[in-house]
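J.: To start, I am sharing the structure in question, which I have written as structure tokens.
Computed from the coordinates by the stated procedures, all read-outs in this text should not be read as laboratory data. Owing to the predicted nature of the structure, the values given are computational and were not obtained by experimental measurement. A quick note on method: Cβ atoms are made from the backbone with ideal geometry, for glycine too, and the neighbour counts reach across all protein chains shown.
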Amino acid sequence: MKAFIVQRYGGNEDARIGEMPEPELRDNDVLVQVHAASANHIDARIRNGEFKLILHHHLPFILGHDVAGVVVKVGSGVQNLRRGDEVFARTDDDRIGTFAEFVAVNESLVAGKPKTLTMEEAASIPMVALTAWQALIEKANLTRGQKVLIHGGSGGVGAIAVQLSKHVGAKVATTASSANFELVRSLGADIVIDYKTEDFASILRDYDVVLDTRGGKTLEKSLLVLKPGGNLIGLAGPPDPDFAKDRRASWLLNPVMRVLSHRVRREAKRRHVRYSFLWTRADQENLREISSLIDSGIIRPVMDRVFPFMSTKEAMAYLESGRAKGKVVVKVK
């Protein structure tokens, strides 16, 4: 089958379209014919080798986490899915590979495709919606009347996070460029700050939750807007000791992650707030909840461009340019 293959860790030039064997089907797997897949920043970071000490992919491997498609084969232990079912999923960390004609996914991670979405729209949802859900609903326990700051409201995660926060009943502030003000306001943002010309830390105060998609100085300054007891959730790092524990990291990596996050954790403690790093997990139940919100018209996908499969390398380059509003999708079938 045709696939987008990482031959060696490095930049975009080290990945290409080529031939790979069709994936093996385990007892509890479904084989999905991929209609569309979407590009995520985690794909670029894995391709670059940033997580090779944590995620053990054997070179060459196929890139891609998000998929929407049709079940064409089921394993002997599969109980709830059948051939012909339209599905979407975020693959497990150890079995990525959605930039391909076929991908095998454990049945427990797969949900029915939202009925109101096209395959391309459905493929844009899993990773970013799971991230928003697990950050805001599970980690932060965001509730009606609370205030949340979402960095990068026009990005893939941000666009869903703004909508989900408004659904919960929170007051939402977000950062964006002036060119994207109209978009994030249409998603429900109450306060929009131009990150190029304004300092969010001097404008916002007493927030309950910050969802940081940037890292670095933006992460550190985000501590300033939280009230005591508030939550800062980082998607770009640094990883914290709980992440090392959840990933069952080796005894060598555990102290490294503790050191990497020491500064922000120390400052958070001094300000009586909490910092945590989120690594999004594949989750069928979360996807079902999200699918229901989509079919009810509460959350809508935000897509920038759809690339043909043979232009997957260009899709990744466009994602990494930072210009995308919402998601970048690859149409496979």
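J.: Can you grab the distance from the C-alpha centre of segment 208-233 to the C-alpha centre of segment 1-73, Å, no decimals?
T.: 32
J.: Here is a further query. Can you show me the helix-derived [θ] at 222 nm for the chain, built from DSSP H runs with n ≥ 4 at -39,500 (n - 2.57) apiece and divided by the number of residues, rounded to the nearest 500. If you can, show how the numbers build up before the last one.
T.: On the way: 12 runs with 95 residues, N = 333.
Calculated at 222 nm, the ellipticity per residue is -7500 deg cm²/dmol.
J.: Another question, if that's okay. Net charge near Asp206: determine it from the other residues with C-beta under 13 Å of the C-beta of Asp206, scoring Lys and Arg +1 and Asp and Glu -1.
T.: On the way: positive: Lys147, Lys171, Arg205, Lys227, Arg271; negative: Asp208.
Once all neighbours under 13 Å are counted, the net charge is +4.
J.: Using a basic spin-label model with each label point 7 Å from the Cα along Cα→Cβ, how many nm lie between His272 and Thr116?
T.: 4.2
J.: Report the Cα centroid-to-centroid distance between segment 260-333 and segment 110-154 in angstrom, as an integer.
T.: Distance between centres, Cα-based: 8 Å.
J.: Can you pull out the trypsin sites (Lys or Arg not before Pro) in segment 107-155 whose DSSP state is coil and whose Cβ has at most 14 other Cβ atoms within 10 Å? Before the final figure, lay out the partial values.
T.: Values: sites: Lys115, Lys139, Arg144, Lys147; in loops: Lys115, Arg144.
Loop-located and lightly packed - Lys115, Arg144.
J.: Then there is this: Using a Gaussian network for the chain with springs between C-alpha atoms less than 10 Å apart, which of these wobbles most: Arg300, Arg95, Arg270?
T.: For the chain, modelled as a Gaussian network with Cα springs under 10 Å, the answer is Arg270.
J.: Continuing with this model, one more query. Fully extended, how many nm does the chain gain between Arg8 and Arg323 (0.36 nm per residue separation, minus their Cα-Cα distance)? All intermediate terms of the calculation are to be shown ahead of the outcome.
T.: Details: separation 315, 0.36 × 315 = 113.40 nm, distance 2.65 nm.
This chain segment gains 110.8 nm when fully extended.
J.: Same structure again: Between Val78, Val225, Val172, where does the largest GNM mean-square fluctuation fall for the chain, given springs only between Cα atoms within less than 10 Å?
T.: Maximum fluctuation in the GNM of the chain, among the listed residues, is at Val78.
J.: For a Förster distance of 35 Å, can you work out the FRET efficiency between the beta-carbons of Ala179 and Glu314, rounded to the nearest 0.05?
T.: On the way: r = 22 Å, r/R0 = 0.63.
The computed FRET efficiency comes out at 0.95.
J.: Within the set of other residues whose C-beta is less than 13 Å from the C-beta of His35, count the net charge using Lys and Arg as +1 and Asp and Glu as -1. Write out the running numbers ahead of the final one.
T.: Working: positive: Lys113, Lys331, Lys333; negative: Asp66, Asp85, Glu86, Glu101, Glu120, Glu121.
That sum, taken over residues with Cβ under 13 Å, equals -3.
J.: Using 0.36 nm per residue, how much length does the chain from Asp27 to Asn141 gain when fully extended, once their Cα-Cα distance is taken away?
T.: Details: separation 114, 0.36 × 114 = 41.04 nm, distance 3.60 nm.
Additional length available on full extension: 37.4 nm.
J.: I want to check the label-to-label distance for His262 and Asn80. Put each point 7 Å from Cα in the C-beta direction and report it in nm to one decimal.
T.: So the two model labels end up 4.5 nm from each other.
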